[in-house]
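> Dropping the structure in here first, questions after.
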Ligand code: AMP
């Protein structure tokens, strides 16, 4: 099988690694350069999307912000999975919110803002404090504002207006501020025949809006709620592939924050922690193969490596630690790789993460140090 991935970053790279044992070969379309590249070697394999579409058995995507003309070109070939509508839903908060309502899934109260009058209506409808998010193009907490008092509305409006006017079809989605206890996410896969399976929930810690730690958790009541919501969203979208749902946990009640129509950073722990990793299961789903077991085999925590291109050698020498580099050029704050830390028991996993604080710097890995200070 030959799968063409729209996007040529680390997710395409990890799909390539997971697909090789199944004889599934991956080419990646770099949306910026228009080149077709090998996601591991970065070798240019050709130019022009049309040719690549013809050669592929299946087309999929590693991110949701793909120009719509490209999505439609791929959809017309009949090979794109998940479909263009599902991918577009993840890239537009207005469509995403409408989908969550349609699927009957709990999410934060919201209001779409196009004008200053809408902003006033949003304040009345949603209430204060509120979170304001650009409808298109926002990720990792970018393109967001917080409004804590009505008096500040005039102060932040010029920036919001600039954002709305900067690109076609842009708007701001105002959302009630959710006083959550923690953030969790559910990654799962749905096959062409409608069969679906989910992994255990992940608990996610963000640092400056970017995911820093993601750990498999054993939380049966939450897992059941999350599963029900996953089924509703995946079925409503007639989804094929891996889909991630991000939630706020508010005193044991889950509210969906957003969805990601793709393999997800909070599912990277499945490479060491689950029977079949999310990358393999995505490929199985889109290629029409049976899904692999999503069972937890070892409690696992993923530590994102942000803006660093080297690690102390002690990491490789630590039992249960696996490093996954993405082969990228170093840039401040950039996702450069991740470390998966696994253990037989959760208590042992905690002990190992605490021990990592002795070898990883607090500047580069603040979340590991915070974890260690809370658990020592
Ligand atoms: P997002 O890009 O929607 O994932 O938002 C980035 C981060 O902002 C989330 O991981 C939360 O920590 C926080 N956040 C987003 N929406 C809300 C909300 N409605 N209430 C409280 N915090 C939020």
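> I need a count of the residues in the range 252-266 that are crowded, with 24+ Cβ neighbours inside 10 Å, over 19 Å from residue 93 (Cβ atoms) and more than 8 Å from the chain's Cα centre (by Cα).
The qualifying residues number 0.
> Right, here's the next one. Scan the range 291-308 and tell me whether some residue there is surrounded by fewer than 20 Cβ atoms within 10 Å (Cβ to Cβ) and closer than 19 Å to residue 364 by Cα.
Yes, that holds for at least one residue.
> Could you check residue 203 against (1) within 16 Å of the ligand (Cβ to nearest atom); (2) in contact (Cβ under 8 Å) with a residue 24 or more places away in the chain and say which number it fails?
(2)
> Here is a follow-up. Between a residue in the range 359-376 that is in contact (Cβ under 8 Å) with a residue 24 or more places away in the chain and any residue that is part of a loop (DSSP other than H, G, I, E, B), which pairs come within a Cβ distance under 6 Å, given they are 6 or more apart or on different chains?
From residues that are in contact (Cβ under 8 Å) with a residue 24 or more places away in the chain, the pairs are 359/312; 364/308; 368/357; 368/360.
> On the basis of being within 28 Å of residue 111 (Cβ to Cβ), surrounded by 23 or more Cβ atoms within 10 Å (Cβ to Cβ), away from the ligand (no atom under 16 Å from the Cβ) and at pLDDT 95 or above, does residue 234 make the cut?
Judged against the criteria, residue 234 is a match.
> Condition check: within 15 Å of the ligand (Cβ to nearest atom) and in contact (Cβ under 8 Å) with a residue 12 or more places away in the chain. Does residue 291 satisfy that?
No.
> Could you please give the count of residues in the range 92-119 that are farther than 13 Å from residue 171 by Cβ, away from the ligand (no atom under 12 Å from the Cβ) and crowded, with 18+ Cβ neighbours inside 10 Å?
4
> If a residue must be within 16 Å of the ligand (Cβ to nearest atom) and either touching a residue at least 40 places away in the same chain (Cβ under 8 Å) or surrounded by fewer than 14 Cβ atoms within 10 Å (Cβ to Cβ) (or both), how many such residues does the range 154-168 contain?
Of the residues in that region, 1 qualify.
> Residues of the range 179-190 being more than 15 Å from residue 263 (Cβ to Cβ) and surrounded by 18 or more Cβ atoms within 10 Å (Cβ to Cβ), which ones?
183, 184
> Which one is nearest to residue 183 (Cα to Cα) among residues in the range 267-276 that are touching a helix residue (DSSP H, G or I) at 6+ places or on another chain (Cβ under 8 Å) and buried (at least 24 other Cβ atoms within 10 Å of the Cβ)?
267
> Still on this model: Would you pick out the residues in the range 93-113 that are outside any helix (DSSP H, G or I) and within 17 Å of residue 176 (Cα to Cα)?
Within the range 93-113, 105, 106, 107, 108, 109, 110, 111, 112, 113 qualify.
> Something else now. Step by step: first the residues of the range 174-196, then only those that are farther than 27 Å from residue 241 by Cα and in a loop (DSSP other than H, G, I, E, B), then the one that is farthest from the ligand (Cβ to nearest atom). Which residue is that?
181
> Within the group 171, 122, 84, 151, which residue is more than 30 Å from residue 278 (Cα to Cα) and away from the ligand (no atom under 16 Å from the Cβ)?
Exactly one residue qualifies, and that residue is 151.
The values are calculated or read from the model by the stated rules, or taken from the named source; none is laboratory data. The shown structure was predicted, so the numbers you read here are calculated from the model rather than taken from an experiment. Cβ sites come from the backbone with ideal geometry, for glycine too, and all protein chains shown count toward neighbours.
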